[in-house]
Amino acid sequence: PQCYQEESLIDQKLPKLEPDMLAYVIYTSGSTGQPKGVMIEHGSLALRLQEEVELLDLNEEARTCLLTNFVFDVSLLEIFLPMICGGTLVIPSDGLVKDIPALLHLLQQQKVSLLQGTPSLYSSLLAFVDEKVADALSLSTLCVGGESLNQKLVDSIRTKLPNVQLNNHYGPTETTIDALVLEDVRSFDKNSIGRPLGQTEVYIFDEDFALVPQGVVGEICIGGPCLARAYLNQAELSSERFIEHPFRSGERLYRTGDLGCWLPDGQVAFVGRKDNQVKIRGYRMELGEIEQALSKHPMVDQVAVLVFGDAGDNFLAAYYLSEKIISTDDWQGCLSAQLPTYMIPSCFIHMTAFPVNVNGKIDLKKLPPPNYEMSDQYEAPTNEMERKMTKAWSEVLKIDAAKISINQSFFELGGHSLRAVQLQALLKDQWQM
């Protein structure tokens with residue numbers, strides 16, 4: 001009985017919560033691979049959540065499902081959005097997210113109306129969605145983020161879930177979860193990441209930190225009240241990435257390192273990463289721009305582009321996920337209408353599945369290097385000229401001559417314009433042409 005005479009914890013005076021108090025620290029490695037703790041304050045989180053509620057028009061009927069690991073900030077939307085609007089949060093049991101049929105059954109049973117996820121997750125879900133499953137789902141909104149969206153996924157969602165609204169969300173952790181939103185996506189041809197969310201401000205600057213006009217690519221910088229406080233115990237990096245606002249004293253902008261441009265309708269198009277620029281045979285290019293061109297192929301689900309080789313003799317390798325293998329000629333025809341020759345990958349590697357990290361994004365470090373195995377339709381050299389050509393190709397391409405079929409393309413095996421010149425010189429020397 002005495003315990004009931006003690007002052008209730010509810011009646012005790014708790015410290016007053018202020019907007020500038022720290023709400024959480026989430027570590028992110030971004031594109032650098034170096035972990036950094038992003039400090040988000042209560043005021044930033046509360047404002048962003050309220051903006052999301054208004055954006056999605058949520059109320060007490062909202063039902064979300066916790067699909068994201070809590071060490072990633074998207075999980076905060078899944079957890080807190082239903083709480084602040086009086087809705088319901090559904091928490092799956094361990095491992096259920098990887099069991100797609102069981103997950104779909106849970107979504108049906110619990111009448112989940114809102115999902116947050118990556119393109120990879122939605123591609124997996126849609127593979128098990130037929131008309132019967134679609135009719136049993138209560139989904140009204142899908143929010144996608146974390147990876148680049150592609151038209152094939154948009155078309156698949158529109159076909160299988162025609163009454164569901166698809167929103168594409170973009171936002172570094174440093175801007176508190178989201179910063180720009182493209183609502184009700186129908187077409188993704190222009191790679192738009194939409195318009196600023198709520199009180200978010202967006203600027204695009206060139207290398208001299210001057211504003212760029214419409215259509216010109218520059219670095220996306222974000223401002224507004226939802227910016228992170230700083231990086232934990234990394235003052236130098238904080239001052240480098242969180243800079244003084246050039247137009248308003250006392251405010252800051254966050255340099256995202258992402259490249260983009262303004263579209264005619266006031267939306268922002270994502271082009272790629274500033275630190276993902278590469279130089280191939282003297283030409284500087286964005287891997288993201290090449291990936292966007294690859295993703296427009298109607299058969300492709302996901303893509304990635306990597307650089308292999310030594311400086312001065314490096315080449316691009318494209319990885320793609322699709323039900324069927326796409327021929328090199330098909331790829332060449334598709335990309336030649338979109339990209340200059342020097343930006344077209346030298347080889348195209350078909351994947352049955354992409355390796356992913358813990359947050360569902362493609363793990364580029366685990367992609368296999370190009371391995372030119374013997375062609376399924378291998379034809380051995382039949383005369384002396386073909387044997388000399390095969391040997392020359394082997395020297396230039398650094399591939400075992402026994403794996404080179406006479407019916408294969410020089411460029412399909414990793415050749416490019418520079419290697420073609422090397423081949424010409426080698427043949428001229430050998431045959432005194």
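The values are calculated or read from the model by the stated rules, or taken from the named source; none is laboratory data. What you see is a predicted model; the values in this text were computed from it and never measured. Glycine also receives a Cβ, built like all others from the backbone with ideal geometry; neighbour counts cover every protein chain displayed. Note: accessible area is taken over every heavy atom of the protein model, side chains too, but ligands, DNA and RNA are not part of it. Shrake-Rupley method; radii C 1.70, N 1.55, O 1.52, S 1.80 Å.
Go through region 139-164 and report how many residues are open to solvent by 30 Å² or more (accessible area, probe 1.4 Å) and within 23 Å of Glu219 (Cα to Cα).
Summing the residues that are open to solvent by 30 Å² or more (accessible area, probe 1.4 Å) and within 23 Å of Glu219 (Cα to Cα) in region 139-164 gives 3.
Output the residue which, of all residues in region 273-304 that are within 13 Å of the chain's Cα centre (by Cα) and in a strand (DSSP E or B), is modelled with the lowest pLDDT. So the residue we want is Arg273.
For Leu106, indicate whether it is open to solvent by less than 30 Å² (accessible area, probe 1.4 Å), touching a residue at least 24 places away in the same chain (Cβ under 8 Å) and in contact with a helix residue (DSSP H, G or I) (Cβ under 7 Å, 6 or more places away or on another chain). Explain how you work it out, then say what you get.
Values: open to solvent by less than 30 Å² (accessible area, probe 1.4 Å): yes; touching a residue at least 24 places away in the same chain (Cβ under 8 Å): yes; in contact with a helix residue (DSSP H, G or I) (Cβ under 7 Å, 6 or more places away or on another chain): yes.
It is true that Leu106 is open to solvent by less than 30 Å² (accessible area, probe 1.4 Å), touching a residue at least 24 places away in the same chain (Cβ under 8 Å) and in contact with a helix residue (DSSP H, G or I) (Cβ under 7 Å, 6 or more places away or on another chain).
Residues that are in contact with a Ser or Thr (Cβ under 9 Å, 6 or more places away or on another chain), modelled with pLDDT under 80 and among the aromatic types (Phe, Trp, Tyr) within region 331-377 comprise just one, Tyr342.
Name the residue, out of Phe270, Phe209, Phe247, that is under 18 Å from the mean Cα position of the chain (by Cα) and open to solvent by 30 Å² or more (accessible area, probe 1.4 Å).
On the way: Phe209 fails: under 18 Å from the mean Cα position of the chain (by Cα); Phe247 fails: under 18 Å from the mean Cα position of the chain (by Cα).
Within the list Phe270, Phe209, Phe247, the selection yields Phe270.
Kindly establish whether Leu125 is buried (at least 19 other Cβ atoms within 10 Å of the Cβ) and over 24 Å from Gly198 (Cβ atoms). Yes, satisfied. The numbered conditions (1) surrounded by 18 or more Cβ atoms within 10 Å (Cβ to Cβ); (2) out of contact with any Pro (no Cβ under 7 Å at 6 or more places or on another chain) are all true for Gln50 except (1). Only a single criterion out of (1) over 26 Å from Val300 (Cβ atoms); (2) touching a Ser or Thr at 6+ places or on another chain (Cβ under 6 Å); (3) open to solvent by less than 30 Å² (accessible area, probe 1.4 Å) is not satisfied by Lys111, namely (3).
Can you pull out the residues in region 341-360 that are closer than 15 Å to Val305 by Cβ and in a loop (DSSP other than H, G, I, E, B)?
Quick first cut of region 341-360, residues closer than 15 Å to Val305 by Cβ only: 342-351, 354.
Result: Ile344, Pro345, Ser346, Phe354.
Name the single residue, out of those in region 165-204 being more than 20 Å from Cys226 (Cβ to Cβ) and either open to solvent by less than 10 Å² (accessible area, probe 1.4 Å) or of a type in the set (Gly, Ala, Ser) (or both), that is modelled with the lowest pLDDT. Of everything passing the filter in region 165-204, Ser187 is modelled with the lowest pLDDT.
Considering only residues in region 334-359 that are closer than 17 Å to Ser322 by Cα and among the β-branched types (Val, Ile, Thr), the one that is nearest to the chain's Cα centre (by Cα) turns out to be Val356. Restricting to region 378-433, name every residue that is open to solvent by 80 Å² or more (accessible area, probe 1.4 Å), closer than 27 Å to Val307 by Cβ, modelled with pLDDT of 70 or more and in contact with a helix residue (DSSP H, G or I) (Cβ under 8 Å, 6 or more places away or on another chain). The answer is Glu395, Asp400.
Taken over region 216-236, the criterion of being open to solvent by 40 Å² or more (accessible area, probe 1.4 Å), more than 22 Å from Val181 (Cβ to Cβ) and of a type in the set (A, V, I, L, M, F, W, C) is satisfied by Val216, Leu232, Ala235.
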